[in-house]
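Taking it in order: structure first as C-alpha cells, then the write-up.
The values are calculated or read from the model by the stated rules, or taken from the named source; none is laboratory data. The structure presented is a predicted model; accordingly, all values stated were derived computationally and were not measured. When we count neighbours, we look across all protein chains shown, and the Cβ atoms used for this are built from the backbone with ideal geometry, even at glycine.
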Amino acid sequence: MTDQRPDKLFSSPLSTVNDFAFDEAVARVFPDMIQRSVPGYTTIIPMIGLITEQYALDDSVCYDLGCSLGASTLAMRHGLKNKRCKLVGIDNSASMLERCHHYIELDNDPTPVELFCADIQEIEFEPCSVVTLNFTLQFLAKEERATLLQKISNALLPGGALILSEKIKLEDANAQSHLEELHWLFKKANGYSDLEISQKRTAIENVLVPETTNDHLQRLSDCGFSSANNWYQCFNFSSILAIK
Ligand code: GEK
C-alpha cells in the first residue's frame, strides 16, 4: 500500500492515451509525479502551513479539498499547533485516500484529522476558518466552480482564508506558449522524456481545464471574498490567497 514508486506511467508508447484518472497506478507514483510536474509545488506546500497558521481561528474547522496523499493536509496540520482546531481532508479517489490515511497516521501531531472519500461538490461545510484547494478546482467542470466557491465563501468565518492553487493560462497566446515551453523544460529537467510529457499532456487535456488569473480573481470577488490576490506564481502554476 505504501510502495511509492517513480512515475513511469507514460514512459512507453501507448496505442491509446486514455483520460487521466486518480486511480491506484497514479496514487502509487503521486508524490514523485506532482513534484516533477508542478513547478513551485515544493514551495507552495510549506507556505500552506504558514498561511494556515496565520488565518486559522482557535477552535475552528479547516478543510483540505482534494487532499490526495495528504501533503497539503499535513502542512495545514502543522500550522494549526495549539489552536484546538479540527482538520477535514476530502478526496473522491479511494486509492488516494487510503494512502492519505496511512501518512496522517504516521504523523504524530495532536490536531485531529478526519478524512472522507467524497466529491467536494457534495459537502455541507461547517463554519470554518481556512480552506485549501491546492490544484483541485482545475479538475471540476468550469461551470461548476462558482457553486463550490460560493459554498466555501458562505462557510468561511469573517477573516477566514481560502488558498487556491491552480494551473493557469495567460490571456496573451504568445505569452502562454512561452510559459508552456518553460513548463516542458521544467519536466525535461526533472527527467521526463518528450514522449512522457506529450502522452501525459494528451491524457490530461480534457480533464484539467485551466483559466486565467483574472477569471479566478473575478469569480472570487463575485462569490463574496473581500480580497483575493496572487501570492505565488512559477511559470503557469499559481496560488491565490482569498480572504472572506
Ligand atoms: C496536494 N492537494 O498534494 N472531489 C474530491 N476530490 C477531487 C475531485 C472532486 N470532485 N476532483 C478531483 N479531486 C494535493 C494535490 S491533486 C492535484 C491535489 C494534481 C482530487 C483528485 O482525486 C486528486 O487527488 C486531487 O483532487 C488533485 O497538495 O494531481 O494536479
Check on Leu69, outside any helix (DSSP H, G or I), touching a helix residue (DSSP H, G or I) at 6+ places or on another chain (Cβ under 9 Å) and within 12 Å of the ligand (Cβ to nearest atom)
yes
Being under 27 Å from Thr16 (Cβ atoms) and of a type outside the set (D, E, K, R) narrows it down to one of Ala203, Ala175, so name that one.
Ala203
Please give the number of the condition Leu50 fails out of (1) out of contact with any Phe, Trp or Tyr (no Cβ under 8 Å at 6 or more places or on another chain); (2) buried (at least 20 other Cβ atoms within 10 Å of the Cβ).
(2)
Can you work out which of the residues in region 130-163 that are over 18 Å from the mean Cα position of the chain (by Cα) and crowded, with 17+ Cβ neighbours inside 10 Å is nearest to the ligand (Cβ to nearest atom)?
Ala155
If you take the residues in region 101-129 that are of a type in the set (Asp, Glu) and assigned to a loop (DSSP other than H, G, I, E, B), which one is nearest to the ligand (Cβ to nearest atom)?
Asp119
Every listed condition ((1) among the hydrophobic types (A, V, I, L, M, F, W, C); (2) modelled with pLDDT of 95 or more; (3) within 8 Å of the ligand (Cβ to nearest atom)) holds for Leu57 save (3)
Just give me the residues in region 81-100 being over 22 Å from Glu124 (Cα atoms) and in a loop (DSSP other than H, G, I, E, B), in sequence order.
Lys81, Asn82, Lys83
